[in-house]
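K.L.:
Provided herewith is a single structure, encoded as structure tokens, for subsequent inquiry.
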Amino acid sequence: MIIAWVLSLFMLISSLIQILERSVVLELMRLDAITSAGKKLIESEKLLLECEEKLSIIGPLNPSPCHIQSVGKNLWLISSQDKPSIEILVFLDEKTKQATRLNWRQEFE
């Protein structure tokens, strides 16, 4: 009787260890996904900032890491081509050639 009770405790402890191992692996995968997504978002933001700063000198023939589109008088829509895709609306002052970001959004598929 005592042997059966001890064996049941061992089985219970081993199943608990398996559950804990799975939980730790899932948590590590979650943290890795969050970290890599954050790095990609920062990279996309840096590309957009570069395109925003160079908006006044970029011509239609120059290759650009961003998609630039005019949406009105002095308004430009700039979106990153890499994933995750970020889109910003920029006002470009004609006199000072300074770009001002009006808003941004992340595009989801």
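K.L.:
In degrees, nearest 10, range 0 to 90: what is the angle between the Cα axis of helix 2-53 and the longest Cα principal axis of the chain?
P.N.:
10 degrees
K.L.:
With runs of 4+ DSSP H residues as the only contributors, calculate the mean residue ellipticity of the chain at 222 nm using -39,500 (n - 2.57) per run, divided by the residue total and rounded to the nearest 500.
P.N.:
Helix-only estimate at 222 nm: -18000 deg cm²/dmol.
K.L.:
Determine the sum of side-chain charges near L102: Lys and Arg each +1, Asp and Glu each -1, restricted to other residues whose C-beta is under 12 angstrom from that of L102.
P.N.:
0
K.L.:
Taking the Cα centre as origin and putting +1 on Lys and Arg beta-carbons and -1 on Asp and Glu beta-carbons, what dipole magnitude results for region 45-105, to the nearest 20 debye?
P.N.:
I would put it at about 100 debye.
K.L.:
Loop-only trypsin sites (Lys or Arg not before Pro) in region 8-105, please: DSSP not H, G, I, E or B, and at most 13 other Cβ atoms within 10 Å.
P.N.:
Answer in residue order: K73, K95, K97.
K.L.:
Can you give the FRET efficiency to the nearest 0.05 for L77 and E43, using r as the Cβ-Cβ distance and R₀ = 25 Å? Please list the in-between numbers first.
P.N.:
On the way: r = 20 Å, r/R0 = 0.80.
Working from the Cβ atoms, E equals 0.80.
K.L.:
Right, next: Q106 versus S8, label points 7 Å from Cα toward the beta carbon: distance in nm?
P.N.:
Result: 4.9 nm between the two label points.
K.L.:
Under 24 Å between alpha carbons, and skipping anything fewer than 8 positions from K73 in its own chain: which lysines qualify?
P.N.:
K54, K95, K97
K.L.:
Rounded to the nearest 0.05, what FRET efficiency is calculated for E50 and L28 with R0 set to 41 Å and r the Cβ-Cβ distance?
P.N.:
Using R0 = 41 Å, I get an efficiency of 0.80.
K.L.:
If you don't mind, another one. Determine how large the accessible area of E45 is when every protein chain is in place; take a 1.4 Å probe and give Å² rounded to the nearest 10.
P.N.:
Its accessible surface works out to 60 Å², give or take rounding.
The values are calculated or read from the model by the stated rules, or taken from the named source; none is laboratory data. This is a predicted model, so every value here is computed, not measured. Cβ atoms come from the backbone with ideal geometry, glycine included; neighbour counts cover every protein chain shown. We work out accessible area using only protein heavy atoms, side chains counted, and drop any ligands, DNA or RNA first. Shrake-Rupley method; radii C 1.70, N 1.55, O 1.52, S 1.80 Å.
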